[in-house]
Amino acid sequence: MGKTVHKYFTIKDKTEPHQHIKIAEFRKNVRKTNPHKHNNYFEFVFLVRGSGSHTIDGRAYIVNPPVLFIIRRDQVHHWELDDEPEGYVLIIKKQFIDDCVDKALKEFLLRMSGHSCFYLEDATPVTALFGLLLAEWQKPAHGNAEVTEGLLKALLGISLQQAPYPKKQSRTKTDIYQRFEELLGHTDTLHNSVAHYALLLNTTPQNLNAVCRRATGEPAASVLAAHLLGEAKRLLLYTDLTVGQIAARLNFKDGSHFIKYFRRHIGSTPHAFRQLE
C-alpha cells in the first residue's frame, strides 16, 4: 500500500500488489480527507451512518445514509464528514474483472461504473451482502473466490435495481469497445485523437466509430471527449498547471485549440471554469 503525491491530490493504493479485491469496514475516524485518486481500481463505499458531504470530481454529494458511492480509478474525491461514519469499503481491481468468467458480473460492474451515487430506499439486502462479503474476506486466504464472486454479483444486481436512472436498453459492448474504454482509463496517456486509439486497437477510425455507436449510441469522438473533459476538469480543479500545460498533457496541438474544444463542450473557457469552481 502507498501513495504518490501531486500538487493538490495524491494517488492512493489501499491494496497489496497481489490483491485483486478487498473488503473492509469504513474507518470510523474519517472526517475530512485531502483530494485523492485511486491506483487503478474501483472503490465502492456503502454508508449506513454518517453525515456531511463526499465530493467526486468537483461535485459534492450529501452523505444521507443509506448511500452507495462508486469512485472510478480516474476520479478525484474527498470526504467532509460531520460525525462518525459506519459502513463498508469494497475495492475491485481490473485484474479481478479480467479474471472473472461470469459475463453477467462484468456487465453489472460496467453498469455500476456509470453512476457515482445511489441513495437506497431498502438497504437491508445490501447491508447483509456487504457483511457476508466481509466475513468471507476475513477467512484464511480470503475465503473462496467463487463464493466471493457470487456474493458480489448478488450485491451489484440488487444495488442496480435501485439505480437512480431508468434502465436503458442494453447495447452490445464489444471487445474493441471494452479495450477502448480501458485505454481511455489511463488518464496519464490520454490523447486527443480517435485515429490514435484506432491504431492502438488495430482497427480503423470508421470501425471504432461504428463500434462506439453500437455500444453507447454515441460516436467515438464523444466517448473520447467524455474522458478528455473529465481529466481536463480534474487538472483545472486540483492542480496549478496552466491551460497550455493541460493542453499539452492531453495532446492538443496548442492551447487555443484546447480552449475552443473545452468551451464548445462545457460552455465556458478553462480559465472561467477554474475561477468559478
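Every residue, every condition in (1) modelled with pLDDT under 90; (2) more than 30 Å from A232 (Cα to Cα), yes or no:
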residue: K103; (1), (2): yes, yes
residue: T124; (1), (2): no, yes
residue: T127; (1), (2): no, yes
residue: A163; (1), (2): yes, no
Qualifying residue in the range 109-132 (condition: surrounded by 14 or more Cβ atoms within 10 Å (Cβ to Cβ), small (G, A, S), closer than 30 Å to Y197 by Cα and in the same structural domain as A60 (by TED's automatic domain parsing)): yes
Residues of the range 37-52 satisfying the condition of being crowded, with 21+ Cβ neighbours inside 10 Å and over 28 Å from T124 (Cα atoms): K37, H38
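Q95 - would you say it is out of contact with any helix residue (DSSP H, G or I) (no Cβ under 6 Å at 6 or more places or on another chain), closer than 22 Å to H36 by Cα and buried (at least 16 other Cβ atoms within 10 Å of the Cβ)?
Working: out of contact with any helix residue (DSSP H, G or I) (no Cβ under 6 Å at 6 or more places or on another chain): yes; closer than 22 Å to H36 by Cα: yes; buried (at least 16 other Cβ atoms within 10 Å of the Cβ): no.
When the stated conditions are applied, Q95 does not pass them.
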In a helix (DSSP H, G or I), farther than 26 Å from K106 by Cβ and in contact with a helix residue (DSSP H, G or I) (Cβ under 7 Å, 6 or more places away or on another chain): which single residue out of R234, R264, R274 fits that description? R274
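Confirm whether V223 is under 18 Å from the mean Cα position of the chain (by Cα), modelled with pLDDT of 90 or more and not in a loop (DSSP other than H, G, I, E, B).
Yes, satisfied.
Across the range 55-79, what is the total count of residues that are closer than 28 Å to T189 by Cβ and at pLDDT below 95?
Residues of the range 55-79 closer than 28 Å to T189 by Cβ: 55-59, 69-78.
If we keep only those that are at pLDDT below 95 too, we end up with 55-59, 70-78.
Total meeting the criteria: 14.
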What is the number of the single condition among (1) surrounded by 16 or more Cβ atoms within 10 Å (Cβ to Cβ); (2) more than 25 Å from Q245 (Cα to Cα); (3) modelled with pLDDT of 90 or more that H191 does not meet? (2)
Give the range 99-112 a look and list any residue that's out of contact with any strand residue (DSSP E or B) (no Cβ under 9 Å at 6 or more places or on another chain) and under 19 Å from I70 (Cα atoms), or say none. A104, L105, K106, E107, F108, L110, R111
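Can you tell me which residue within the range 53-72, out of those that are under 27 Å from E231 (Cβ atoms) and buried (at least 19 other Cβ atoms within 10 Å of the Cβ), is nearest to the chain's Cα centre (by Cα)? Spell out the reasoning first.
Of all residues in the range 53-72, those under 27 Å from E231 (Cβ atoms) come to 53-63, 67-72.
Those left that are additionally buried (at least 19 other Cβ atoms within 10 Å of the Cβ): 54, 63, 67-72.
Numbers: H54: 14, V63: 18, V67: 16, L68: 13, F69: 10, I70: 6, I71: 4, R72: 1 Å.
Applying the filter and picking the extreme gives R72.
The values are calculated or read from the model by the stated rules, or taken from the named source; none is laboratory data. All figures in this text were calculated on a predicted structure; none of them were measured in a lab. Methodologically, a virtual Cβ is constructed for each residue, glycine included, from the backbone with ideal geometry; neighbour enumeration extends over all protein chains shown.
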